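The values are calculated or read from the model by the stated rules, or taken from the named source; none is laboratory data. A quick note: this is a predicted structure, and the numbers were derived from the prediction, not measured. We place every Cβ from the backbone using ideal geometry, glycine too, and count neighbours over all the protein chains shown.
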Amino acid sequence: MTELYPLLTAALLAGLLGSAHCLGMCAGISGLFSVNNSVASLRTQVPFALTYNLGRVISYAVLGLIVAAFGSVVVKASPGLAGAIRLLSGAIIILVGLKVAFDLRLLNIIERMGAGLWAKMAPVAQKLVPVTSLPRALGLGLVWGWLPCGLVYSVLMIAASSTQPLHGVAIMVAFGIGTVPAMALSGLGAARLSELMRRRSTRLGMGLLIVVLGLLTIAMPLTSLM
């Protein structure tokens, strides 16, 4: 269980700090939560923003369950791969940290792999816009969770390396929760607060912290061999 903690922490921090990247891809979402032009009340918009983000987190959880279940099957078939998968997980965490800290494009190939899936789902998302009800907000979040995003897919690879379905769910929920502040603030138009997530010093410090977590994840299977 203790081996799960670095993965959860890395996923949470990747979501929290990496979500500035998500804002660039999802900039159009900022206007989706107003029912119409006459709606200006924050109290009215908050339920739409929270419901949309709930939908995203649910989709991430489902994805985490799927990939971790697949990882579990692979490890059961070849138990010797467990250590190698954990090393791969640590390497991916390090790449995520470098992406957060320095905006490196090393993981963009993963993003391109999901483009075909999104092309099939995009028409469904378009039918839910404009968001005029909570069910529409939830539906849009459920669909948007499958958007091809290098950061999301990278954390999915971490979830797959956990090789336990419930751990995979927990990792992706942690990541989803991490993305909520920036995405909700964007949807509510809180530009000043979301700007904090984009600060270079913040991204650098937290990105390097993720790298340290990746190194710790790699160290665990190595120390067991000594």
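Residues that are among the β-branched types (Val, Ile, Thr), at pLDDT 85 or above and on the phi < 0 side of the Ramachandran plot do not occur anywhere in segment 30-45. With the condition kept exactly as written, say whether any residue in segment 175-187 is touching a Gly at 6+ places or on another chain (Cβ under 9 Å) and more than 21 Å from GLY207 (Cα to Cα). For segment 175-187, residues touching a Gly at 6+ places or on another chain (Cβ under 9 Å) and more than 21 Å from GLY207 (Cα to Cα): present. Residue count for segment 76-104 under the criterion of being modelled with pLDDT under 80 and touching a Pro at 6+ places or on another chain (Cβ under 7 Å): the result is 2.
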